[in-house]
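Chemist: Take this structure, written in structure tokens, and hold onto it; I'll ask about it next.
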Ligand code: FPP
């Protein structure tokens, strides 16, 4: 049975779900947040230590301003209302990606990270303004500037995910099969599960099915 330390998720399909319900894309995002909460709970039940969620990519800035605004508002309200609860549940929040948002949101993100920094039940890595190519370029710049030797360990140690084990597996919902510039280095040996359901329809049962499938996989890492 494979142990699970780290699960990464591309939460795709909110927009389509909202439109399918004859409502708005933003309605889908709102429902998507309910799924986030369900999956956090289920991760704790399954004793998973790291959960990395792709919430906003460097490419998502191309979306209409109204949708971007809605997403960051949703996040802001979520943190204002829920950070104390997350803290009580011994959950640590870490932002991966460049914090280039409004001063208000930046401060909220920093204070939320600080407040939960000592927690150790589950670490949620929230990918915000995250792009893997951008992360790698920044890492190589740091390595060059500090005259650090180039090797796999030193590259890993200068990513946003330093000190975090690589994901055991990635889930992408929404019936789309691509990585979309997410954790390209870190996912190099992860199992990948593409899920047909749209993110707001994804539930604890679907998650547990994937977890059980993963546990049974024979992982050879190039060996036989
Ligand atoms: C991708 O679906 C989803 C996003 C870009 C945003 C993810 C946000 C949430 C799950 C809710 C908010 C989360 C937090 C932490 C506040 P899409 O909109 O690209 O779906 P589509 O492929 O149907 O267009």
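Chemist: Which values, in whole Å and largest first, are the semi-axes of the equivalent ellipsoid of region 65-139 obtained as the square root of 5 times each eigenvalue of the Cα gyration tensor?
Modeler: Working from the Cα gyration tensor, I get semi-axes of 21, 17, 10 Å.
Chemist: By how many nm would the segment from residue 120 to residue 223 lengthen if fully extended, with 0.36 nm per residue of separation less the alpha-carbon distance?
Modeler: Full extension from residue 120 to residue 223 adds 33.8 nm.
Chemist: Next up: Write down Rg/Rh for region 76-189, rounded to two decimals, with Rg from the C-alpha atoms and Rh from the Kirkwood relation over Cα pairs.
Modeler: Result for region 76-189 is an Rg/Rh of 0.99.
Chemist: Quick check: pseudo-label points 7 Å beyond the Cα along Cα→Cβ at residue 212 and residue 23, how many nm apart are they?
Modeler: 3.1
Chemist: Right, something else. Tell me the Kirkwood radius of the chain: reciprocal of the mean inverse pair distance over distinct alpha-carbon atoms, in Å.
Modeler: 18.3
Chemist: Now a separate question. Okay, helix-only estimate at 222 nm for the chain: each DSSP H run of n ≥ 4 adds -39500 (n - 2.57), divide by all residues, round to 500 deg cm²/dmol; what do you get?
Modeler: Counting only the DSSP helices, I get -14000 deg cm²/dmol.
Chemist: Once both labels are modelled 7 Å past Cα along the beta-carbon direction, what's the residue 153-residue 34 spacing in nm?
Modeler: A separation of 4.8 nm, rounded to one decimal place.
Chemist: How far is the Cα center of region 25-88 from the Cα center of region 194-224, in Å?
Modeler: When both Cα centres are located, 21 Å separates them.
Chemist: How fast does region 1-120 diffuse by Stokes-Einstein, in µm²/s, taking the Kirkwood radius from C-alpha pairs at 20 °C and 1.002 mPa s?
Modeler: Answer, rounded: 138 µm²/s.
No value in this document is a laboratory result; all are computed from the given coordinates. Computed from a predicted structure; not experimentally measured. Cβ coordinates were reconstructed from backbone atoms using ideal geometry, including for glycine residues, and neighbour counts include every protein chain displayed.
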